[in-house]
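Every read-out reported here was derived from the displayed coordinates using simple, explicitly stated rules and does not represent laboratory data. In this text the structure is predicted, and so the values were computed from the model without any measurement. Don't worry about glycine lacking a Cβ; one is built from the backbone with ideal geometry, like all the others, and counts go over all protein chains shown.
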Amino acid sequence: MNKKIIQVTKTSLPPIEGYIEQLKEIWESAWISNMGPKHNELQTKLKEYLHVPHLSLFSNGHMALELLIQAMGLTGEIITTPFTFASTTHAIVRNGCVPVFCDIKKEDYTIDAGKIENLITPRTSAILPVHVYGNICDVEKIEQIAQKYHLKVLYDAAHTFGEEYRGKGIGSYGDAAMFSFHATKVFHTIEGGAIAYKEEWIGRKLYQLKNFGIKDAETVDGIGANAKMNEFQAIMGLCNLKYIDAEIEKRRSIADRYFRNLNGVKGIVLNRVREEVKSNYAYFPVLFDPELFGHNRDDVYERLKKQNIYARKYFYPLTNEYDCYRGRFDSEKTPVAREVSHQILTLPLFADLKFEDVDRICSIILEGR
Ligand SMILES: *Cc1c(COP(=O)(O)O)cnc(C)c1O
């Protein structure tokens, strides 16, 4: 047996010398948090890289999303999906709003925009869809619905760092979009996140809310939190940004290798990058149809685990099935999401994963069919 442990992801770190260089600058200025020069430099560079109108940095993606909902003044019901990370649903509930779960599409696991209108009530204030695995939601249709019913649109774009759709940065769709820069994401600042937003007033609100609601030295007019990105996070981002295109290219070649090994196998459904999308290859989800493949997702997961390969049941369980929400939601109402959550497995994918490991992972998946 091969003893080497392969996790589903591995954090990319920049050459240490570059980080140390930047550390020295921080030491000289002794400015280590509160929107320092490194924070501002990263904010400017990321705004350009992401092709978004405005950007505000945060200590992490979750706080960015939570404070965005507060900044937009949302109340009542927010239409979202349960096929996501805990953060999306928790951010809604922690703002005192009610998540209304819309089902997802079988083809790309994003919100089924055709089912949104049926869920709109007089209490609906916004739509909060997720660009799952880097797959872009049906942004045009969502925009149409939002305009018709005067709803805000906030995207959970945690998976879509650097992606473009029809030549525009993905963060420029909707009223605002949240990016996560957590260590496990395509681009990271150790922990970190950002909101890309359309209108300036959103930025002013966000700036206050991530700094206790302070407006000026003697005015506090928002009930804010503390979610500022510090200088050590910012320099990690500045270092990582230098290598991001090469990182994404490596991910592309690994995804391509998986594709060649698994494409066309009966009962296996692979994720496809849609036309007009510049992808970041953040994840490699594989759907196993137990009838056609002969084994279910959990069998494959266990078989890999026995060989020290840790794929991930991402996303399982659905957020509307969490223990903390027991009795409040019903996952029977999102049957596609429910089925997908039982059939999907994300395979290891990170920039320095070796082709031979990809081949080995695929042969373990395919053996014993
Ligand atoms: C990672 C992630 C988040 C939260 O981001 P953090 O930076 O870890 O707080 C939110 N939504 C989704 C879909 C994510 O994958």
(message) Which of the numbered conditions does G174 fail, given that it passes all the others? Conditions: (1) over 26 Å from L349 (Cβ atoms); (2) more than 16 Å from the ligand (Cβ to nearest atom); (3) under 16 Å from the mean Cα position of the chain (by Cα).
(response) (2)
(message) Going by what's in this entry, would V130 be described as closer than 23 Å to L50 by Cβ and within 16 Å of the ligand (Cβ to nearest atom)?
(response) yes
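Under 23 Å from H159 (Cα atoms), touching a Leu at 6+ places or on another chain (Cβ under 7 Å) and within 16 Å of the ligand (Cβ to nearest atom): does that describe L68? Before you say what the answer is, go through the steps one by one.
Working: under 23 Å from H159 (Cα atoms): yes; touching a Leu at 6+ places or on another chain (Cβ under 7 Å): yes; within 16 Å of the ligand (Cβ to nearest atom): yes.
Yes.
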(request) Could you grab the pairs with beta carbons closer than 6 Å, sequence gap of 6+ or different chains, first residue in region 49-63 and touching a residue at least 40 places away in the same chain (Cβ under 8 Å), second one assigned to a helix (DSSP H, G or I) and among the hydroxyl-bearing types (S, T, Y)? (result) V52/S172; H62/S87
(message) So, in region 84-119, exactly how many residues are in contact (Cβ under 8 Å) with a residue 40 or more places away in the chain and either acidic (D, E) or outside any helix (DSSP H, G or I) (or both)?
(response) 12
(request) Would you mind telling me which numbered condition in (1) closer than 24 Å to A183 by Cα; (2) part of a helix (DSSP H, G or I); (3) acidic (D, E) E356 fails? (result) (1)
(request) Under 6 Å between Cβ atoms, at least 6 apart or on separate chains: pull out the pairs that start in region 126-147 with a residue that is under 15 Å from V273 (Cα atoms) and end on any residue that is among the small types (G, A, S). (result) H131/A157; G134/S279; G134/A282; D138/A113
(message) Tally up the residues in region 144-160 that are under 13 Å from I79 (Cα atoms) and either within 10 Å of the ligand (Cβ to nearest atom) or part of a strand (DSSP E or B) (or both), please.
(response) 5
(request) Quick one: R338 ticks every box in (1) surrounded by fewer than 16 Cβ atoms within 10 Å (Cβ to Cβ); (2) in contact with a helix residue (DSSP H, G or I) (Cβ under 8 Å, 6 or more places away or on another chain); (3) without any contact (Cβ under 8 Å) to a residue 24 or more places away in the chain except a single one, so which number is it? (result) (1)
(request) Would you mention how many residues in region 71-81 are at negative phi and either surrounded by fewer than 24 Cβ atoms within 10 Å (Cβ to Cβ) or within 12 Å of the ligand (Cβ to nearest atom) (or both)? (result) 6
(request) Return yes or no: is A234 surrounded by fewer than 21 Cβ atoms within 10 Å (Cβ to Cβ) and in a helix (DSSP H, G or I)? (result) no
(request) Scan region 8-56 for residues that are farther than 29 Å from L353 by Cβ and buried (at least 18 other Cβ atoms within 10 Å of the Cβ) and report the count. (result) 11
(request) Quick one: which residue in E200, E218 is surrounded by fewer than 16 Cβ atoms within 10 Å (Cβ to Cβ) and in contact (Cβ under 8 Å) with a residue 12 or more places away in the chain? (result) E200
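Looking at region 259-274, which of its residues are assigned to a loop (DSSP other than H, G, I, E, B) and among the hydrophobic types (A, V, I, L, M, F, W, C)? Walk me through it before giving the result.
Of all residues in region 259-274, those assigned to a loop (DSSP other than H, G, I, E, B) come to 263-267, 271-274.
Once the filter is applied, which keeps residues that are assigned to a loop (DSSP other than H, G, I, E, B) and among the hydrophobic types (A, V, I, L, M, F, W, C), region 259-274 yields V265, V273.
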